[in-house]
Structures are given as structure tokens and as C-alpha cells.
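Following: one structure in C-alpha cells, then a few remarks.
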Amino acid sequence: MAKLALVARLEAKPGKEQEVADFLKSALPLAQGELGTISWYACQLSESTFGIFDTFEAEEGREAHLNGPIAAALMANADRLLAKPPVIEKLTILAEK
């Protein structure tokens, strides 16, 4: 069972919405290669707001993800694509189906 999660909220700069969507779609193979990541979801919440939700069994997997290639690529492109820094929160999963 997944015990831990991350949720990230991303606000695209005006005119950069499609680039943010494309960036998130392109990150899927990287997420699939992370052994400690159980599930990884990228979503669009509104025209300019995007999200990432991922789950982990252990803190080691969550930290590896936070220090991995997706986070590095996101931060390297944040000034160009995002209206403000991403908001990333650590969650504890209480129940799952």
C-alpha cells in the first residue's frame, strides 16, 4: 500500500499552457523508471493550472523522486513556463482503494 504522496500545483504563464501540458506528458517515461514511485499522475485543473500527484511506499522513494530528473527538469524550466514557483506538499495517505 502507498503510504506517502506528493502533490504539486503548477500555474502556467499566460501563453505557456500547452508547453506545460507537453512537459508533463513528456515526464511520464521518467516517472515509469522510478522504482520507488508507485503511481504518478499529471493533470490539468483549469486552463492555466496543472497538478502532479504521486505515491510512494517509503520516504526513500519520495525523496528520490524529489531529487530526481522530473523535479530537476521542472525547476530548470520553472522561470520560463510558470507564473510562480510550484507549490509542492508532502502528504500521508490514510486510506486507498
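Observations
- Of the candidates Ala64, Ala27, Ala58, the single residue that is at pLDDT 95 or above and over 17 Å from Ala2 (Cβ atoms) is Ala27.
- Any pair with Cβ under 6 angstrom, 6 or more apart, that starts in the range 8-36 at a residue that is at negative phi and of a type in the set (A, V, I, L, M, F, W, C) and ends at one that is surrounded by fewer than 17 Cβ atoms within 10 Å (Cβ to Cβ) and assigned to a helix (DSSP H, G or I): Leu30/Pro69
- Taking the conditions (1) in contact (Cβ under 8 Å) with a residue 24 or more places away in the chain; (2) in contact with a Lys or Arg (Cβ under 9 Å, 6 or more places away or on another chain) in turn, Ala42 satisfies each one other than (1).
- Identification of helices (runs of 4 or more DSSP H) wholly contained in the range 1-73 with 2 or more residues that are of a type outside the set (Ser, Thr, Tyr) and within 17 Å of Lys84 (Cβ to Cβ) yields 17-26.
- Residue that is surrounded by the fewest Cβ atoms within 10 Å (Cβ to Cβ), among those in the range 78-96 that are among the hydrophobic types (A, V, I, L, M, F, W, C) and assigned to a helix (DSSP H, G or I): Ala78
- Residue identified as under 11 Å from the mean Cα position of the chain (by Cα) and at negative phi among Ala58, Ala95, Ala78, Ala42: Ala42
- Among the residues of the range 33-77, the ones that are under 25 Å from Gln18 (Cβ atoms), surrounded by 14 or more Cβ atoms within 10 Å (Cβ to Cβ) and among the hydroxyl-bearing types (Ser, Thr, Tyr) come to 2 in all.
- Of all residues in the range 1-39, those satisfying the criterion of being within 12 Å of the chain's Cα centre (by Cα) and not small (Gly, Ala, Ser) are Leu6, Val7, Arg9, Leu10, Val20, Phe23, Leu24, Lys25, Leu28, Leu30, Thr37.
The values are calculated or read from the model by the stated rules, or taken from the named source; none is laboratory data. Keep in mind that what you see is a predicted model, and the values were worked out from it rather than measured. Don't worry about glycine lacking a Cβ; one is built from the backbone with ideal geometry, like all the others, and counts go over all protein chains shown.
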